[in-house]
Amino acid sequence: MTIEIRPATAPDAAAIADLHQRSWRSAYRGLLPDAYLDGPAAAELAARWGRAFTKDEPRRVILVAMAPDGIAGFVAAWPNTSRMALIDNLHVAPGQRGGGLGRRLMGRAAAELRRQGFEAAFLEVIEGNHGARGFYRRLGGVEGELFVEPIGGHPTPVFPVVWDNLAALEAACAP
Ligand SMILES: CC(C)(COP(=O)(O)OP(=O)(O)OC[C@H]1O[C@@H](n2cnc3c(N)ncnc32)[C@H](O)[C@@H]1OP(=O)(O)O)[C@@H](O)C(=O)NCCC(=O)NCCS
């Protein structure tokens, strides 16, 4: 199956929000309260993605991976400082995980961030999300000190994961 990665545009917002919600429900079960995952999370994500494309932010990167039958993954990154980007979201559709798409999305995001002048990037990963933590370690990400972040209003232990060198991240993602 051919999966094309391309920049996302405003008409992709609903599909991204839908995948985001499905991905949270499968990956964050047991890490965030069921009442939140099965309740207000969907509306919050829909609102967040509805707003994402209205902001005038020239240095953001939002990429979608499109399979013939619809969206298979996405990655989003925003400026944190002039040289450091926050990779805010990376999700692969539950049925597509483990096939190399996460690596492709990270590689494309790293390349695009470098093109925009960023040198480094970080993200936050929930302590109990062992799959994603293993994936980031495999790509050279370095975990910092655990801290507590409110996610949907729920105090949640998260690790920062840092890549000091986006060129090295891009190389680690090469096929
Ligand atoms: C995390 C996620 C994006 C990774 O994408 P993926 O397509 O499943 O991962 P890939 O197939 O591209 O894996 C790339 C490499 O990471 C490794 N990897 C993947 N999952 C891993 C795990 N659980 N533990 C250790 N290594 C792992 C793979 O083995 C592969 O390395 P290899 O080529 O040497 O074998 C995806 O699984 C996902 O969407 N998870 C749920 C949502 C989520 O947690 N997102 C992150 C939020 S911070």
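The values are calculated or read from the model by the stated rules, or taken from the named source; none is laboratory data. In this text the structure is predicted, and so the values were computed from the model without any measurement. Here the Cβ is made from the backbone with ideal geometry for all residues, glycine too, and neighbour counts use every protein chain on show. Quick note on the areas: whole protein, heavy atoms, side chains included, nothing else; ligands and nucleic acids left out. Shrake-Rupley method; radii C 1.70, N 1.55, O 1.52, S 1.80 Å.
When you scan the stretch 135-175, how many residues do you find that are assigned to a helix (DSSP H, G or I) and open to solvent by 30 Å² or more (accessible area, probe 1.4 Å)? Show your work before the answer.
Within the stretch 135-175, the first condition is being assigned to a helix (DSSP H, G or I), and the residues that meet it are 135-138, 166-172.
Narrowing the set further to residues that are open to solvent by 30 Å² or more (accessible area, probe 1.4 Å) leaves 135, 137-138, 167-168, 170-172.
Looking only at that region, the number is 8.
Pick out the one residue from 42, 52, 27 that is within 25 Å of residue 127 (Cα to Cα), under 16 Å from the mean Cα position of the chain (by Cα) and crowded, with 16+ Cβ neighbours inside 10 Å. Talk me through it step by step, then tell me what you get.
Numbers: 42 fails: under 16 Å from the mean Cα position of the chain (by Cα); 52 fails: within 25 Å of residue 127 (Cα to Cα).
Of the residues listed, the single one that is within 25 Å of residue 127 (Cα to Cα), under 16 Å from the mean Cα position of the chain (by Cα) and crowded, with 16+ Cβ neighbours inside 10 Å is 27.
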*Of the residues 18, 12, 56, which single one is more than 16 Å from the ligand (Cβ to nearest atom) and either assigned to a helix (DSSP H, G or I) or within 16 Å of residue 87 (Cα to Cα) (or both)?*
12
_Within the stretch 128-152, tally of residues that are free of Cβ contacts under 8 Å to residues at least 40 places away in the same chain, under 18 Å from residue 24 (Cα atoms) and of a type outside the set (Phe, Trp, Tyr)_ = 5
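Filter the stretch 95-126 down to the residues that are part of a loop (DSSP other than H, G, I, E, B) and either touching a helix residue (DSSP H, G or I) at 6+ places or on another chain (Cβ under 7 Å) or touching a residue at least 60 places away in the same chain (Cβ under 8 Å) (or both) and list them by number.
Residues of the stretch 95-126 part of a loop (DSSP other than H, G, I, E, B): 97-100, 116-119.
Residues satisfying the conditions are 100, 118, 119.
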*What residue, among those in the stretch 69-112 that are of a type in the set (D, E, K, R) and open to solvent by 60 Å² or more (accessible area, probe 1.4 Å), is farthest from the ligand (Cβ to nearest atom)?*
83
*What tally of residues in the stretch 113-128 results from selecting those that are surrounded by fewer than 18 Cβ atoms within 10 Å (Cβ to Cβ) and near the ligand (Cβ under 8 Å from one of its atoms)?*
1
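Given the structure, is residue 131 open to solvent by 20 Å² or more (accessible area, probe 1.4 Å) and modelled with pLDDT under 95? Reasoning before the result, please.
Working: open to solvent by 20 Å² or more (accessible area, probe 1.4 Å): yes; modelled with pLDDT under 95: no.
So residue 131 fails the test.
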